Amino acid sequence: YDGAEPIELSAASSGVKAEYVDRVRETQTAADQLIPLTEEECFTAFDTTIFKGQVTDVENIRLDFNGNINYRAIASIKVEQVFRGTEAAGETVTVLLPGPVNGDVNVTGNDTADYIEPGITGIFMAMKYDENSVREENGAVLALRDIAQYGLPDGVRYLFLETDGGVVFDRATYESISNAASLQEIEEYVENMISMMEVA
């Protein structure tokens, strides 16, 4: 594999190999269909840390679960503002994406995350990994913390990105802001949703 560089895993992982790869050659499609969620459920279904930040780096990785190959990507994001969570502005965090970026790979549930590239600013709703965050596949176990600090519940609804072509997010799910044209509008929406949750 071109430029493959192994990722050191802890003893909490077993039977799995992980490496950074320059190019993603094979295609994979995930069969998981997204479970429908309301706007409110997107904020409550998972215990997410919500922050705004700029993507500083994205690297594709190859995971080998005893022969089952899985491609993902890790984004490094410099935090600018925290809406919910314990992170601080100025920190850089790593987020595991549901699929690789800029490859010939079509992954269900990665529609918004496909736009991630260095320099892009966005709002991310990510789950912080802990010792119980594991992925088991084909008899192998991956402690997700070995790979990244955070993960997205899916790559469609849990991020809002400011691209050259405008803001990209799942407008079908977030009907009340389906006409939003700037990240500023989405920031206000996120703050309102969080304050409503706190009252409830």
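Think of the chain as having a plus end and a minus end, set by charges on the Cβ of Lys, Arg, Asp and Glu; of Ile35, Leu144, Ser13, Ser13 sits farthest toward the positive end of this dipole.
These residues, Glu39, Glu198, go from largest to smallest accessible area, 1.4 Å probe, as Glu198, Glu39. For Glu191, the solvent-accessible surface with a 1.4 Å probe is about 90 Å², rounded to the nearest 10. Of all accessible surface on the chain at a 1.4 Å probe, what whole percent is carbon and sulfur? That fraction is 43 percent. Using a probe of 1.4 Å on the protein chains alone, the accessible area found for Thr92 is around 80 Å². The C-alpha atoms of the chain define a longest principal axis, and helix 183-199 lies at about 80 degrees to it.
Only four residue types carry charge here, +1 at the Cβ of Lys and Arg and -1 at the Cβ of Asp and Glu. Report the dipole size of the chain about the Cα centre in Debye, rounded to the nearest 20.
Roughly 300 debye for the chain.
Ordered from largest to smallest accessible area (heavy atoms of protein chains, 1.4 Å probe), the residues Tyr115, Tyr129 come out as Tyr115, Tyr129.
Working note: 222 nm ellipticity from helices only, DSSP H runs with n ≥ 4, each -39,500 (n - 2.57), summed and divided by the residues of the chain, gives -3500 deg cm²/dmol to the nearest 500.
About its Cα centre, the dipole of the range 84-200 is roughly 180 debye, where the only charges are +1 on Lys and Arg Cβ and -1 on Asp and Glu Cβ.
The values are calculated or read from the model by the stated rules, or taken from the named source; none is laboratory data. None of the values given here were measured: they were computed from a predicted structure. Every residue, glycine among them, receives a Cβ derived from its backbone with ideal geometry; neighbour counts consider all protein chains shown. Just so you know, the surface numbers come from the protein's heavy atoms only, side chains and all, with ligands and any DNA or RNA stripped out. Shrake-Rupley method; radii C 1.70, N 1.55, O 1.52, S 1.80 Å.
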